Amino acid sequence: MKKLKEEKAITLIALVITIIVLLILASISVATLTGNNGILNKANKAKEETEIKGYYEKIELIRNELRLQKENFVPPTIAEMKSEFEKNQKDWVVSTEIKQIDAVETLELKTKEGYIFHITETRTEYKGKGKIVDTSALKREDALKLEIIGEASNGKKLVEITDLSGEDYYQIEYQIDSTTGTWQIIESGGQVEVGASSTIYARLTYETNKGIIISLSIEATEPTIVARNIDTSEIVRKTQIPFADLFEITWGSDGTGTVEYNVLGNLNFNNMNYNSKDITSLSDLEIGNYIIICKISSPSNKQITATKQNVNVTKLANTTVTNDSNNNVNAYAIYSQYDLAYFRDLVNSGSNNINAKQMENIDLNTGKWTSDENWITTFEADAIQWNSIGTSTFDINTSQFVKDNPFNGIYDGNSKEISGLYINCDTAYGSGLFGYCENAILKNIVLRNSSIFNFYCAAGIVGNAYDCQVMNCESYANVKSTFVVGGNVGIGVQVTIENCVNYGKIEESRKTEESAFGGIIGYAESAEVLHCKNYGIIIIEHSDGRNQYFAVSGIVGKGAYEITINNCSNEGSISATGSFSVSGILGISVLEKNRIAISNCYNTGSISTNSNNNSQGYAGGIVGIGNGVAINNCYNTGNIKGDWAAGIAEWLRYRKLYK
């Protein structure tokens with residue numbers, strides 16, 4: 001055993017000697033590696049410096065994040081920072097303690113690596129200015145001193161009043177913001193709390209003699225900054241359009257200062273000088289995520305820093321989409337809600353014939369909505385309302401539909417989702433993601449967690465469409481209107497709707513004399529509806545159902561002229577109180593010379609219509625009331641209930657002409 005130990009020792013010594021020889025041969029000495037200036041020590045110091053710098057930046061970012069959460073960007077207190085580190089930064093903070101260091105309240109923070117940081121409050125500095133207010137018999141202005149010595153816990157300044165006269169028979173009196181009220185007596189060296197923008201007055205008295213009144217005004221001397229991201233969280237890089245303004249700079253009484261932008265990403269900005277109330281914009285940023293720091297330096301070298309984290313820069317660039325002729329066409333790439341809003345504004349300002357392709361999922365009201373299991377979405381009071389792409393209005397004086405700026409291009413949703421769309425509108429003739437389209441192609445759009453109300457016409461995808469194609473679209477929106485509602489399309493004339501699905505709830509908003517409600521389309525004229533499905537619940541309640549034009553259906557509410565409905569189905573439940581004609585596929589066709597062909601369709605949803613006042617309800621599994629309708633290879637398994645009810649069609653006229 002002893003011999004074995006000796007052999008191990010000899011082997012270890014040989015290994016050490018070999019390493020030293022190799023180092024010498026490599027011209028590297030042991031001192032070069034391990035000395036005070038050795039490679040290993042330098043590497044350790046560099047590592048420590050990097051870690052310390054990282055912690056400095058992290059602490060400053062947390063401080064500024066707290067500041068941005070407060071009204072007027074007031075800096076956080078020591079106690080607020082201590083609470084933040086203790087609650088939310090446990091992954092790297094070991095302990096925090098508030099101490100008095102050099103007579104300054106300081107937060108001592110220890111990290112898991114053993115680093116200790118001393119953090120003080122970044123508060124606005126104040127100055128006091130002595131001033132002679134009046135004179136009287138006792139002229140001793142040089143014998144009384146007012147001085148700011150610190151800050152009270154409530155944010156006020158501590159002012160110390162001192163008698164320098166050396167005469168112990170003098171009495172000190174003071175008031176705040178007045179010299180006409182009751183004077184308070186205070187001992188020399190006493191302290192008074194004085195708020196910002198206030199003035200403390202003091203005087204010496206002796207019996208009936210009143211001394212000269214002096215004052216100290218508490219005045220802010222630092223410029224202020226209001227930093228806000230005008231686009232809430234994103235800067236949008238727009239094609240041939242400058243960047244959105246990021247920060248609005250407001251100066252205090254000091255006047256001109258320096259604005260310094262630091263972008264902790266792939267780009268940095270140099271110092272730039274601006275005058276009072278200038279608004280500046282960031283220039284070309286590449287696509288990416290940045291931390292923007294805006295620092296204000298006053299002439300007296302006082303600084304305030306505001307930080308905006310997670311600024312996502314997206315590019316509204318050109319891409320291509322394929323139209324139905326398999327031709328590639330130029331289009332805008334939609335990455336964010338700001339890209340989508342900018343694209344809408346281009347269309348609504350007159351650039352109708354442009355195209356777009358959605359590249360990412362988009363939430364138009366992040367954090368401002370909730371949805372239940374039936375896709376009923378509730379929005380908070382401060383939710384942003386969506387203005388539809390493509391505009392139209394209804395002139396109430398002439399009862400005429402007014403064309404404004406219809407969308408004429410191609411929108412490819414790319415099967416990406418749009419959520420949080422919120423509309424509450426009484427003026428537009430059609431509302432939805434798109435309001436009014438002519439000769440347009442809308443495809444691959446998925447609309448979720450949305451709520452749409454329009455007085456005249458509402459739908460999830462497009463409110464009013466003429467000579468358009470709507471393909472491969474899904475709507476999970478809760479839609480309401482008085483006259484016409486469709487899960488995907490409100491009013492469609494000369495349209496083709498193909499492979500579209502509705503999951504959203506459809507409702508009537510109030511009583512009306514003429515209405516059309518459809519899970520896919522509310523009113524269709526000269527249209528094709530192919531391979532579409534409705535799973536959404538439809539609930540309509542009329543207070544007076546006497547008008548024969550009430551129509552409710554899972555696919556087409558009301559149809560006119562030549563219409564083809566093929567390979568469509570309804571599986572949603574439909575309940576219509578006081579409505580005239582209710583069905584799974586076609587609610588009503590009102591013209592005698594229609595040519596409507598319904599083939600290979602089925603209904604499995606429950607259909608019910610109840611009498612109300614003078615109304616009679618017609619309910620059919622496929623058709624409620626049909627003029628000029630041919631039905632081929634269709635079936636119903638749903639429960640049908642009404643004053644007049646049938647499994648396929650309750651009432652047909654001229655049906656033999658068009659089989």
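Condition first: part of a loop (DSSP other than H, G, I, E, B) and within 15 Å of Asp412 (Cα to Cα). Now tell me which residues in segment 451-487 satisfy that.
Ile461, Cys468, Asn472, Cys473, listed by residue number.
Being within 30 Å of the chain's Cα centre (by Cα), more than 27 Å from Gly628 (Cα to Cα), assigned by TED's automatic domain parsing to the domain that holds Asn566 and at pLDDT below 95 is the requirement here; does Lys511 meet it?
No.
Would you mention how many residues in segment 195-210 are in a strand (DSSP E or B) and touching a residue at least 40 places away in the same chain (Cβ under 8 Å)?
The number of residues fulfilling the criteria is 9.
Residue check: is Tyr411 out of contact with any Pro (no Cβ under 9 Å at 6 or more places or on another chain) and farther than 18 Å from Ile497 by Cα?
No, not satisfied.
Do you know which of the residues in segment 355-379 that are modelled with pLDDT of 90 or more and closer than 21 Å to Ala440 by Cβ is nearest to the chain's Cα centre (by Cα)?
Result: Leu364.
Answer yes or no: is there a residue in segment 77-100 that is assigned to a loop (DSSP other than H, G, I, E, B) and in contact (Cβ under 8 Å) with a residue 40 or more places away in the chain. Please lay out each step first, then the result.
Quick first cut of segment 77-100, residues assigned to a loop (DSSP other than H, G, I, E, B) only: 77, 89-92.
Imposing the further condition that a residue be in contact (Cβ under 8 Å) with a residue 40 or more places away in the chain reduces the set to 77.
Yes, segment 77-100 contains at least one residue that is assigned to a loop (DSSP other than H, G, I, E, B) and in contact (Cβ under 8 Å) with a residue 40 or more places away in the chain.
Please count how many residues of segment 434-452 are within 25 Å of the chain's Cα centre (by Cα), surrounded by 24 or more Cβ atoms within 10 Å (Cβ to Cβ) and over 16 Å from Phe379 (Cβ atoms).
3
What pairs come up if the first residue lies in segment 590-603 and is crowded, with 23+ Cβ neighbours inside 10 Å, the second is assigned to a strand (DSSP E or B) and β-branched (Val, Ile, Thr), and their beta carbons are under 6 Å apart, counting only those six or more places apart or on different chains?
Close Cβ pairs (under 6 Å, with a partner that is assigned to a strand (DSSP E or B) and β-branched (Val, Ile, Thr)) amount to Ile596/Ile563; Ile596/Val629; Ile598/Ile565; Ile598/Ile631.
For segment 323-363, which residues satisfy the criterion of being among the basic types (Lys, Arg) and within 13 Å of Asp412 (Cα to Cα)?
Taking segment 323-363 as the starting set, the residues that turn out to be among the basic types (Lys, Arg) are 344, 357.
Residue satisfying the conditions is Lys357 alone.
I'd like the residue in segment 633-655 that is part of a strand (DSSP E or B) and at pLDDT 80 or above and, out of all such residues, is farthest from Ala551 (Cα to Cα).
Tyr635
Here is a list of conditions, (1) closer than 15 Å to Gly519 by Cα; (2) more than 42 Å from the chain's Cα centre (by Cα); (3) part of a loop (DSSP other than H, G, I, E, B), and Glu592 meets all of them except one; can you say which number that is?
(1)
The values are calculated or read from the model by the stated rules, or taken from the named source; none is laboratory data. Note that the structure is predicted; figures quoted are calculated from it, not measured. Cβ atoms come from the backbone with ideal geometry, glycine included; neighbour counts cover every protein chain shown.
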